[in-house]
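Trainee: Right, I'll just put the structure down here and ask away after.
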């Protein structure tokens, strides 16, 4: 009985430790492992973080006849391939990572996380160029329902500037990057949703219950 109680406490401690002490996933996406013109979704760092890139558009919902529903405009995925390009070759100066960057010159980019995450850090760098939209630009952080959690305002005309999210955010599902420039060294630090840990914990608790019934038998 003593060994059972001791082992049960150890397993419970393991489950709680895995649940509460979730590791932070941190990586910098610089796209230099790809050839210029390649699909941005082939970047291994993005794949490891569960991130996919799509074009984005602010469009309305359509009714059954294909007519726009008034006041239903929202950010959503648009068609088209998102590529990485050599910024120097494109005339935008050298990229901070020295070669490629995410091409958002002609369309906003929709960064989608496979599951909602808690962001503890997020930043990106702009190329060595003064090109871009002249007005203020926005990076939007959205939850799973499409609600804006944070609106990060920045200036695209500052060469090699690093733009950072000044707060931590919970439940981020998508990030919308403004059009008009390239994005390089996208740094993401996130705590994953511990669903797998809860499943593991449930399995352990079930195993302990099964063991207890066997001991009684």
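The values are calculated or read from the model by the stated rules, or taken from the named source; none is laboratory data. Quick caveat, the model's predicted, so the values are computed rather than measured. Don't worry about glycine lacking a Cβ; one is built from the backbone with ideal geometry, like all the others, and counts go over all protein chains shown.
Trainee: Considering segment 124-143 alone, what residues qualify as being crowded, with 21+ Cβ neighbours inside 10 Å and part of a loop (DSSP other than H, G, I, E, B)?
Mentor: 126, 127, 129, 132
Trainee: For segment 134-153, which positions are under 23 Å from residue 105 (Cα atoms) and in contact (Cβ under 8 Å) with a residue 24 or more places away in the chain?
Mentor: 137, 138, 139, 140, 141, 142
Trainee: Give the number of residues within segment 40-64 that are part of a strand (DSSP E or B) and closer than 19 Å to residue 185 by Cβ.
Mentor: Residues meeting the conditions: 3.
Trainee: I've got another one for you. Conditions first: (1) closer than 18 Å to residue 187 by Cα; (2) in a loop (DSSP other than H, G, I, E, B); (3) under 19 Å from the mean Cα position of the chain (by Cα). Residue 81 passes all but one, so which condition is the exception?
Mentor: Only one criterion in (1) closer than 18 Å to residue 187 by Cα; (2) in a loop (DSSP other than H, G, I, E, B); (3) under 19 Å from the mean Cα position of the chain (by Cα) is unmet by residue 81, namely (1).
Trainee: Any chance segment 172-191 includes a residue that's more than 29 Å from residue 98 (Cβ to Cβ), modelled with pLDDT under 95, crowded, with 17+ Cβ neighbours inside 10 Å and in contact with a strand residue (DSSP E or B) (Cβ under 9 Å, 6 or more places away or on another chain)?
Mentor: Within segment 172-191, none of the residues are more than 29 Å from residue 98 (Cβ to Cβ), modelled with pLDDT under 95, crowded, with 17+ Cβ neighbours inside 10 Å and in contact with a strand residue (DSSP E or B) (Cβ under 9 Å, 6 or more places away or on another chain).
Trainee: Still on this model: Out of all the residues in segment 48-70, is one or more modelled with pLDDT of 95 or more and either outside the structural domain of residue 142 (by TED's automatic domain parsing) or touching a helix residue (DSSP H, G or I) at 6+ places or on another chain (Cβ under 6 Å) (or both)? Quick ask: steps written out before the conclusion?
Mentor: Just the residues of segment 48-70 that are modelled with pLDDT of 95 or more, to begin with: 51-56.
Still in the list and also either outside the structural domain of residue 142 (by TED's automatic domain parsing) or touching a helix residue (DSSP H, G or I) at 6+ places or on another chain (Cβ under 6 Å) (or both): 52-53.
For segment 48-70, residues modelled with pLDDT of 95 or more and either outside the structural domain of residue 142 (by TED's automatic domain parsing) or touching a helix residue (DSSP H, G or I) at 6+ places or on another chain (Cβ under 6 Å) (or both): present.
Trainee: Consider residue 124 carefully, then state whether it is more than 25 Å from residue 72 (Cα to Cα), in contact with a strand residue (DSSP E or B) (Cβ under 6 Å, 6 or more places away or on another chain) and modelled with pLDDT of 95 or more.
Mentor: For residue 124, the condition - more than 25 Å from residue 72 (Cα to Cα), in contact with a strand residue (DSSP E or B) (Cβ under 6 Å, 6 or more places away or on another chain) and modelled with pLDDT of 95 or more - is met.
Trainee: I would also like to ask the following. Which residue, of 121, 37, is surrounded by fewer than 17 Cβ atoms within 10 Å (Cβ to Cβ) and part of a strand (DSSP E or B)? Even if it seems obvious, please write down each step before you answer.
Mentor: On the way: 37 fails: part of a strand (DSSP E or B).
Result: 121 is the single residue among 121, 37 that is surrounded by fewer than 17 Cβ atoms within 10 Å (Cβ to Cβ) and part of a strand (DSSP E or B).
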